[in-house]
Every structure is written in C-alpha cells, then in structure tokens.
1. For a quick check of your reading of the model, give me the residue pairs whose first member lies in region 225-252 and is within 14 Å of GLY152 (Cα to Cα), whose second is among the β-branched types (Val, Ile, Thr) and part of a helix (DSSP H, G or I), with beta-carbon atoms closer than 8 Å and at least 6 apart or on different chains.
2. Taking the conditions exactly as written (in contact (Cβ under 8 Å) with a residue 24 or more places away in the chain and touching a Leu at 6+ places or on another chain (Cβ under 6 Å)), does GLY152 satisfy them or not?
3. Taking ASP136 as the residue in question, decide whether it is over 25 Å from the mean Cα position of the chain (by Cα), loosely packed, with under 14 Cβ neighbours inside 10 Å, closer than 21 Å to MET26 by Cβ and touching a residue at least 60 places away in the same chain (Cβ under 8 Å).
4. Scan VAL39, VAL6, VAL16 and give me the residue that is of a type in the set (A, V, I, L, M), in contact (Cβ under 8 Å) with a residue 12 or more places away in the chain and part of a loop (DSSP other than H, G, I, E, B).
5. Within region 42-77, how many residues are polar (S, T, N, Q) and either out of contact with any Lys or Arg (no Cβ under 9 Å at 6 or more places or on another chain) or outside any loop (DSSP other than H, G, I, E, B) (or both)?
6. Please find, within region 173-224, the residue that is surrounded by the fewest Cβ atoms within 10 Å (Cβ to Cβ) out of those that are touching a Gly at 6+ places or on another chain (Cβ under 7 Å) and polar (S, T, N, Q).
7. Within region 145-160, which residues are within 25 Å of the chain's Cα centre (by Cα) and over 22 Å from GLY11 (Cβ atoms)?
8. Which of the residues spanning region 117-131 are farther than 17 Å from MET257 by Cβ and surrounded by fewer than 18 Cβ atoms within 10 Å (Cβ to Cβ)?
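The values are calculated or read from the model by the stated rules, or taken from the named source; none is laboratory data. Computed from a predicted model, the values in this text were never measured in an experiment. Neighbour counts are summed over all protein chains in view; Cβ atoms, including those assigned to glycine, are modelled from backbone coordinates with ideal geometry. Accessible surface areas use protein heavy atoms only, side chains included; no ligands, DNA or RNA. Shrake-Rupley method; radii C 1.70, N 1.55, O 1.52, S 1.80 Å.
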Amino acid sequence: MTALPVPLPPGFSPKVHSHDSVTVGMVIAQKTARVEEVVNVAGELQIPLSQVKKVLKKNPGDMVAVGDIVALKKSWFGLKKRAIVSTIDGIVLRYERGTGNLFVRTGGLGESKEIVSPVDGVVSLCDNKQIVIKTDKNVLVGKRGYGESGDGEVFVLTASFDRSDPDGTNSLYHLDSQAMGKVVIGKVFSREILIKGLGVGAKGFIGLHFADDDVEYLAKRSMSMPLIEVDESQLQRLVQWKGKRLFLEPQSNSIIMLRS
C-alpha cells in the first residue's frame, strides 16, 4: 500500500474522515468563497474616519457593478482625484463608522472550489493540513507540481532525449497532433513546447525541470494544464509506461500509474 498525501490549501475543509473509503473523483475537501467583500475606505484613500461619509458614492442598498466608483477623494480645487473602483458586482450592505469598512454582498451563494480524490483507497489521516489516502495503485511522488489535475495516455516525446538538440528545436517539431489528449513525457521543455502542447490538446507534461518564468507565464494566462517535475529514475519508469494511462495530481506532486 502507498500513502498518498493530498495537501489542503488555506481555506479548504475536509469532507471525509479517517477510515473512510474514497474513489477517484470523489470530493474530499471544499472551499466556499466569501459572499461578502470588504474594503477599508479610510485606509485605501488615506483619510480620517470622520471624512469617509463625504467621499462615499455608494450607500447601503445601492447596487454595485464592476467599474463603478465606490468612493472618490478630491484634492484642493479638484485638481487631483483618488478613487476606489469596484471589481465585483453586488449590493452595498453596510458601512461601519468605527472602522471605515464598507461591506458589499456578491451575487449567488459564493464560488465553491473542490479537491477530489485522485485514487481509490482509504483515508488514513485527515486534518486541516492534509488528507492521506492509502492505496494499492502505483503512485510516483515527483519533486514539484503546477496547475490542476488531469489524466491521459503516455506520449513519449523522444526528441527531447536527444543530446544534440539542447534548444528543443526538434522537440518542437515532433510535438504534433499525436499528443492530443495525452500526457507528454520528456526531459526539459521550453515555453514554446508547452504552449504548442496546449494548442494541440495535450493533457499534461512530465519532465525533469520547468523554468519558473514559464510556469508563471502559463499561470497568468489561466493555462492550468498539469506539469510535474520528476527525477531521472522516475522519468525512465514513466517512459516504460508508454501507451498506458496516468493521473496527474500537481497539488501533491503525485503521478498515478493506471492500468487502463
């Protein structure tokens, strides 16, 4: 049996208990976003509490849309202005005179985020920091992971193992529609290869190293394809898994080797 740790980011609460049986895709932790947003008007505009009421442009009961000015501070003769602009849609709930806080209720019941079990097994430990699942599946724990979970058949990018191609030119050429719906295995991937992988529909990448700048570039563009770094021995084992399926769980740096 393998013990697979699933870390819980701040704000997530377990939905399972120790000794519970879990299956792939089952929700094991959840986070519900706040339905209220708070802005400290006095602090944002750097004014005394006694002046806040004079600069407010929205009052309790007023609707707020993205881009609306919530509060506006003008200097002498109105030559300089400083504003608080709403980044959400909602309705103003209340203003607290003693703190300078303005409360806005957002629409709906709040956005819910979930963490699902990447494997069948039994929960052996459950607290506010992690959930540990014991499983008889083949699990590799890599060095670092990025993005969201995903799965697919192994596609070995053979060109990335060619020492005569240090800049990845051949790898970029050989990464094509064959990688659609698959997890790409290789040594080192350039940003251009990762972007092309997204374009052809790859489901994830596993390699020896991903540059921090490239990971940040993908994250800023909401590209959440899973990336996991492994060591040489793990990489060679995954190459032998060619044609079989993997499940990638970047939060725990885990790679589950599925039989079908």
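1. Taking only residues 6 or more apart or on different chains, the pairs are LEU227/VAL215.
2. Working: in contact (Cβ under 8 Å) with a residue 24 or more places away in the chain: yes; touching a Leu at 6+ places or on another chain (Cβ under 6 Å): no.
Here the answer is no, as GLY152 does not meet what is asked.
3. Values: over 25 Å from the mean Cα position of the chain (by Cα): yes; loosely packed, with under 14 Cβ neighbours inside 10 Å: yes; closer than 21 Å to MET26 by Cβ: yes; touching a residue at least 60 places away in the same chain (Cβ under 8 Å): yes.
Here the answer is yes, as ASP136 does meet what is asked.
4. Values: VAL39 fails: part of a loop (DSSP other than H, G, I, E, B); VAL6 fails: part of a loop (DSSP other than H, G, I, E, B).
Answer to the check: VAL16.
5. Just the residues of region 42-77 that are polar (S, T, N, Q), to begin with: 46, 50-51, 59, 75.
Those left that are additionally either out of contact with any Lys or Arg (no Cβ under 9 Å at 6 or more places or on another chain) or outside any loop (DSSP other than H, G, I, E, B) (or both): 50-51, 59.
Of the residues in region 42-77, 3 are polar (S, T, N, Q) and either out of contact with any Lys or Arg (no Cβ under 9 Å at 6 or more places or on another chain) or outside any loop (DSSP other than H, G, I, E, B) (or both).
6. As a first pass, look at region 173-224 and keep what is touching a Gly at 6+ places or on another chain (Cβ under 7 Å): 175, 179-184, 186-190, 193, 201, 203-205, 207, 224.
Those left that are additionally polar (S, T, N, Q): 190, 224.
On the way: SER190: 17, SER224: 14.
In this case the residue turns out to be SER224.
7. First pass over region 145-160, keeping only residues within 25 Å of the chain's Cα centre (by Cα): 145-155.
Matches in region 145-160: GLY150, ASP151, GLY152, GLU153, VAL154, PHE155.
8. Step one: list which residues in region 117-131 are farther than 17 Å from MET257 by Cβ, which gives 122-131.
Those that are farther than 17 Å from MET257 by Cβ and surrounded by fewer than 18 Cβ atoms within 10 Å (Cβ to Cβ): VAL122, SER124, LEU125, ASP127, ASN128, LYS129, GLN130.
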